[in-house]
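In what follows, a single structure is set out as structure tokens and then discussed.
The values are calculated or read from the model by the stated rules, or taken from the named source; none is laboratory data. All of these numbers come straight from a predicted model, not from anything done at the bench. A quick note on method: Cβ atoms are made from the backbone with ideal geometry, for glycine too, and the neighbour counts reach across all protein chains shown. We work out accessible area using only protein heavy atoms, side chains counted, and drop any ligands, DNA or RNA first. Shrake-Rupley method; radii C 1.70, N 1.55, O 1.52, S 1.80 Å.
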Amino acid sequence: MDFSGRSGEMMVFVTVMEQGSLSAAARALQLAPSAVSRVIARIEARLGVRLLIRTTRTLTLTAEGQTYLRAARRILADLTEVEEAIADQASPRGRVRLTASLAHGRLYVVPLLAEFTARYPDILVDLNLSDR
């Protein structure tokens, strides 16, 4: 995953705080600890403030860090919600089962199938034509 954009940087920051350390966040994100540290430094440089107070054993959020963390969580949740809503509006998918008489199916259903499957490639059509 690319963590170079602002949403990626926010994800790294939130992961650091959820994991409690840079090294744990690095493992969770499958990054080098130095890469995680650079992302945090890049955010702090852009904002011109310290977000974290780092000691050898602890990470403590500054007041600005607390504000950034709340906003980052909200923004990432909103982004996920928007992406899920858009994905749900994408092409329909699933399975349609049709049963029709042999004559009706040959005359009316089968001629429409090619156009239907071209228009909705993610829908699997199970067609059962029978006179039973």
Would region 90-97 turn up any residue that is in contact with a strand residue (DSSP E or B) (Cβ under 7 Å, 6 or more places away or on another chain), at pLDDT below 90, of a type outside the set (Lys, Arg) and farther than 24 Å from residue 3 by Cβ?
-> yes
Does residue 76 fit the bill of being open to solvent by less than 50 Å² (accessible area, probe 1.4 Å) and closer than 30 Å to residue 14 by Cα?
-> yes
Unmet requirement for residue 67, which otherwise passes all of (1) open to solvent by 70 Å² or more (accessible area, probe 1.4 Å); (2) of a type outside the set (Phe, Trp, Tyr); (3) in contact (Cβ under 8 Å) with a residue 12 or more places away in the chain = (3)
What is the one condition in (1) open to solvent by 50 Å² or more (accessible area, probe 1.4 Å); (2) out of contact with any Lys or Arg (no Cβ under 9 Å at 6 or more places or on another chain); (3) closer than 18 Å to residue 61 by Cβ that residue 13 does not satisfy?
-> (1)
Test residue 32 against the criterion of being in contact with a helix residue (DSSP H, G or I) (Cβ under 9 Å, 6 or more places away or on another chain), of a type in the set (A, V, I, L, M, F, W, C) and either under 24 Å from residue 83 (Cα atoms) or open to solvent by less than 30 Å² (accessible area, probe 1.4 Å) (or both), and give yes or no.
-> no
Out of (1) under 17 Å from residue 5 (Cα atoms); (2) among the β-branched types (Val, Ile, Thr); (3) open to solvent by 60 Å² or more (accessible area, probe 1.4 Å), the odd one out for residue 56 is which?
-> (1)
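Of all residues being of a type in the set (S, T, N, Q) and in a loop (DSSP other than H, G, I, E, B) in region 78-123, which is nearest to the chain's Cα centre (by Cα)? Just the residue, please. If you could, list the steps in order and put the result at the bottom.
Step one: list which residues in region 78-123 are of a type in the set (S, T, N, Q), which gives 80, 89, 91, 99, 101, 117.
Filter again for in a loop (DSSP other than H, G, I, E, B), leaving 89, 91, 101.
On the way: 89: 15, 91: 18, 101: 44 Å.
Residue satisfying both the conditions and the ranking: 89.
Answer yes or no as to whether residue 26 is among the hydrophobic types (A, V, I, L, M, F, W, C), loosely packed, with under 15 Cβ neighbours inside 10 Å and over 30 Å from residue 122 (Cβ atoms). Reasoning before the result, please.
On the way: among the hydrophobic types (A, V, I, L, M, F, W, C): yes; loosely packed, with under 15 Cβ neighbours inside 10 Å: no; over 30 Å from residue 122 (Cβ atoms): yes.
No: the conditions fail for residue 26.
Any residue that is among the basic types (Lys, Arg) and surrounded by fewer than 10 Cβ atoms within 10 Å (Cβ to Cβ) - is there at least one of those in region 113-127?
Looking only at region 113-127, we keep the residues that are among the basic types (Lys, Arg), and these are 119.
Adding the requirement that they be surrounded by fewer than 10 Cβ atoms within 10 Å (Cβ to Cβ) leaves none.
Checked against the condition, which is being among the basic types (Lys, Arg) and surrounded by fewer than 10 Cβ atoms within 10 Å (Cβ to Cβ), region 113-127 yields no hits at all.
What tally of residues in region 1-33 results from selecting those that are among the hydroxyl-bearing types (Ser, Thr, Tyr) and modelled with pLDDT of 95 or more? Give the steps one after another, and end with the answer.
Applying the first criterion (among the hydroxyl-bearing types (Ser, Thr, Tyr)) to region 1-33 yields 4, 7, 15, 21, 23.
Subsequent filtering for residues that are modelled with pLDDT of 95 or more retains 15.
Number of matching residues: 1.
When you scan region 56-77, how many residues do you find that are part of a loop (DSSP other than H, G, I, E, B) and aliphatic (A, V, I, L, M)? Give the steps one after another, and end with the answer.
Here is the first cut: in region 56-77, the ones part of a loop (DSSP other than H, G, I, E, B) are 56-58, 62.
This time we only want the ones that are aliphatic (A, V, I, L, M), so: none.
The qualifying residues number 0.
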